[in-house]
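Asks: Would you mind keeping the following structure in view while I ask a few things?
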Amino acid sequence: MGSLLDKLNLPEDLPKLDIETLDELAEEIRQRLVDVVSKNGGHLASNLGIVELTLGMYTVWNPYKDRIVWDVGHQCYVHKILTGRNKELATLRQLDGISGFPKREENPADAFNTGHSSTSISAALGIMRGLGLQKGKSKCIAVIGDGALTGGMAFEALNDAARVFNDFVIILNDNGMSISRNVGGMSRYLGKIRTGRSYIRIKKGLKNTLYKIPFIGEKLVKLIQKFKLSIKILVIPGEIFEELGFKYIGPVDGHNIKAIRDALQKADFMYGPVIVHVVTKKGYGYKIAEDNPDKFHGVGPFDKETGEVYSEKRISFSKSFSNHLCELAEKDERVIAITAAMQNGTGLSDFLAKYPDRFYDVGIAEQHAITMASGMATTGVKPFVAMYSTFLQRAYDQVLHDAALQSLPIVIAVDRAGISGMDGETHQGIYDMAYLTHIPNITIAAPCCIEEQIQLMDMALEYDKGPFVIRYPAYDEYEYDRKFLADNPCIIGQGLLMEEEKDNYDIVFIAIGKMVGTALKASHFLKEKGYNVNVFNARFANPLDVSGIKDLVSKAKCYMTLEDGVKVSGFGSSVVCQMAEEGIQKPCRIIGFPSSPIPHGSIDALFKRYGMDVQSIADAAIDMIEKL
Ligand SMILES: Cc1ncc(C[n+]2csc(CCOP(=O)(O)OP(=O)(O)O)c2C)c(N)n1
């Protein structure tokens, strides 16, 4: 471990250090980031890009006294190193280790928990208003990236923040990137400021054009120079923010600690809301990440010398989704792909390469994505919106109000459904079945494997009676009998009995999605112990195969539902509710996650901790049978 990080009392010593020492410290932090993330995985490029900015901030503000809210929070590793967690960084994202996101419960310097994008300005404004009421003296600061600034909440908060008079600072960390290249009008505007084009070109261009106007040209230029304000909006960097009501400082070189410190000191002295526009480079200082900022945005363990990621050999659901969507697009011109800033994660980069005119990245704007897709569906095109389960939470109302109530046939491909693992509670995709199942006119399917996913996509393309959701995790985990699945293709609202039909079962497992494989493994274990078991692959959470499940449960002493989502209001609750309505009263157990937050950790470790691994399920089943 580097000597400065060991020697210094952080963050208190930072304001006393000279620039040379701060630069040296920046270097040490970078090495530490690469060391830890290459072993544990995590958000590397964003953290490398924000080293100098974080150091500069803590020469001016104290994170224990002032309140700093990190948007998304994925770039908080430097903050963690500087607030007493350098040693613990080795446990980053591991079960019971430190989180990869700010956590109030972890350290008082973490002012607000984040994970989903575009919340920082709202949260910091709330803290400021709360402290203001209590006559607090802290500075409230939101640090937001240009990617996060594309989210609707950020615009709502900017609108509100523009009228405050207190000490409120927004630091805009502008690297031109979301996970991939950033998109949209605001991004284009920031790009012009970054490159100085808005000021120089427009000013020069305007002057030259005016001069060319016969007789009055010269007079006009003088007049405009006199009343400079009238053309200010066109020529001064950050003028949009100033017109909204903010003071604007920038653009500042985000890798020059002195320039950052000077700008932030200036912001510190100002009254009212201030935006400091800092220009950074994602991956800065580690060439491999600088050259591939999207690959190293969020990355698994890798070789730090070569940058080679120790990646999965299995084909992911995202990849098969993307491959098959390209096939569908080739056959059917109606197919459109939509992402909310997650083109790589959802596998849509391949689609973009092949069908750029039929691909839309709308920015970090899940709500807009769903409503825009709904609008498109009214015109007869077939939008496939690919979104992580956790981020679809943002668009609940849009799914209900804009798509479902009008029975609009959009397809929502819900990726990373279930436990997503090391990003922790803000990113677990365990709520979607619970918050979607009750929506009118909605179909919710969960393939157990890639073959089923492909069949469901074909079905969704032809379906025209409402939104069609296909939810799937990163990988399927079981070696299915592919021929058996092909011989028994998906039919809407019908499940599939996975093993030969018998009577008088000791227990039947009613499983959905990824849990079908787990149920089959548990069932094999039970069979070896002499129990009579079967597994039902529900395939659909809505509409539920009530008659199929009823038949099977009627032949069993007891049953167990299995889902990789929350128990309350989820798949199992629907099954139990339906069985009760059908007058079937059999002992049952719902296997799923509790509603308490599920922390970070590997997927396997979390399944084990919550009693959802094969052995725990088999044990619970035996316990249930033996108690009958
Ligand atoms: C609501 C929501 N949608 C998507 C994401 C996934 N996500 C995490 S970071 C990120 C890009 C953020 O870009 P920016 O704010 O510019 O930060 P940078 O990593 O470039 O520093 C995205 C899309 C998220 N965290 N929250």
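The values are calculated or read from the model by the stated rules, or taken from the named source; none is laboratory data. Everything numeric here is computed off the predicted structure, so don't read it as measured data. Cβ placement follows ideal geometry from the backbone for every residue including glycine, while neighbour counts extend to all protein chains displayed. We work out accessible area using only protein heavy atoms, side chains counted, and drop any ligands, DNA or RNA first. Shrake-Rupley method; radii C 1.70, N 1.55, O 1.52, S 1.80 Å.
Asks: Rolling a 1.4 angstrom probe over the protein heavy atoms, how many square angstrom per residue are accessible across the range 499-626? If you can, show how the numbers build up before the last one.
Replies: Details: 4980 Å² over 128 residues.
The answer is 39 Å² per residue.
Asks: Still on this structure, please answer the following. Considering only protein heavy atoms and a probe of 1.4 Å, how much of the accessible area of the range 499-626 is carbon and sulfur, as a whole percent? Each step should come with its number before you reach the end.
Replies: Numbers: 2400 of 4980 Å².
Of the solvent-accessible surface of the range 499-626, carbon and sulfur hold 48 percent.
Asks: Rounded to the nearest 500, what is the 222 nm mean residue ellipticity of the chain from helices alone, with -39500 (n - 2.57) per DSSP H run of 4+ residues and division by all residues?
Replies: Mean residue ellipticity, 222 nm, calculated: -11500 deg cm²/dmol.
Asks: Hey, another quick one. For Asp160 and Thr306, FRET efficiency with R0 = 56 Å and r from the beta-carbon atoms, rounded to 0.05?
Replies: Calculated transfer efficiency: 0.75.
Asks: Next up: Compute the separation of the alpha-carbon centres of the range 82-112 and the range 371-403 and state it in Å as a whole number.
Replies: 35
Asks: According to a simple spin-label model (label point 7 Å from Cα along Cα-to-Cβ), what is the distance in nm between His524 and Lys192?
Replies: Calculated label separation equals 6.2 nm.
Asks: Next question. To the nearest 10 degrees, how steeply does helix 152-161 sit against the main Cα axis of the chain, on a 0 to 90 scale?
Replies: Value to nearest ten degrees: 40.
Asks: If the reach is capped at under 27 angstrom between alpha carbons, list the lysines near Lys39, excluding any in the same chain fewer than eight residues apart.
Replies: Lys7, Lys80, Lys87, Lys103, Lys281, Lys282, Lys287, Lys295, Lys304, Lys313, Lys319, Lys608
Asks: Multiply the residue separation of Leu133 and Gln578 by 0.36 nm, subtract the distance between their alpha-carbon atoms, and state the gained length in nm to one decimal.
Replies: Working: separation 445, 0.36 × 445 = 160.20 nm, distance 5.07 nm.
Length difference between fully extended and current span is 155.1 nm.
Asks: Further, regarding this structure: State, to one decimal in nm, how far the label point of Phe215 lies from the label point of Glu327, with both points 7 Å from Cα in the Cβ direction.
Replies: If labels sit at Phe215 and Glu327, their model points lie 7.2 nm apart.
Asks: Which net charge results for the neighbourhood of Ile625, defined as the other residues with beta-carbon distances under 9 angstrom from its beta-carbon, given Lys and Arg at +1 and Asp and Glu at -1? Write out the running numbers ahead of the final one.
Replies: Working: positive: Lys557, Lys627; negative: Asp506, Asp623, Glu626.
Net local charge, Ile625 excluded: -1.
Asks: For Cα pairs less than 8 Å apart in space and 6+ apart in sequence, what is the mean separation divided by the residue count of the chain, i.e. the relative contact order in percent? Walk me through the intermediate numbers first.
Replies: On the way: 1272 pairs, mean separation 71.5, N = 628.
Relative CO of the chain lands at 11 percent.
Asks: Quote the FRET efficiency, to the nearest 0.05, computed for Arg314 versus Lys39 with a Förster distance R0 of 22 Å and r equal to the Cβ-Cβ distance.
Replies: On the way: r = 22 Å, r/R0 = 0.99.
After rounding, the FRET efficiency stands at 0.50.
Asks: A further question on this structure: On a 0 to 90 degree scale, rounded to 10, what angle separates helix 257-269 from the longest Cα axis of the chain?
Replies: 80
Asks: For the range 478-513, which chymotrypsin sites (Phe, Trp or Tyr not before Pro) pass both filters: DSSP loop (anything but H, G, I, E, B) and at most 16 other C-beta atoms within 10 Å? Please list the in-between numbers first.
Replies: On the way: sites: Tyr478, Tyr480, Phe484, Tyr505, Phe509; in loops: Tyr478, Tyr480.
The qualifying sites are Tyr478.
Asks: Here is a follow-up. Antiparallel DSSP bridges in the chain: what percent, to the nearest 5?
Replies: On the way: 8 of 66 bridges.
Counting DSSP beta bridges with both partners in the chain, the antiparallel share is about 10 percent.
Asks: Work out the length of the dipole vector of the range 544-628 about its Cα centre, built from +1 on the beta-carbon of each Lys and Arg and -1 on the beta-carbon of each Asp and Glu, and round it to the nearest 20 debye. Walk me through the numbers on the way to the answer.
Replies: Working: 9 positive and 11 negative charges, 41 e Å.
The calculation lands at about 200 debye.
Asks: Now a separate question. Round to the nearest 10 and give me the degree value, 0 to 90, for the angle of helix 614-626's Cα axis relative to the longest principal axis of the chain.
Replies: 40
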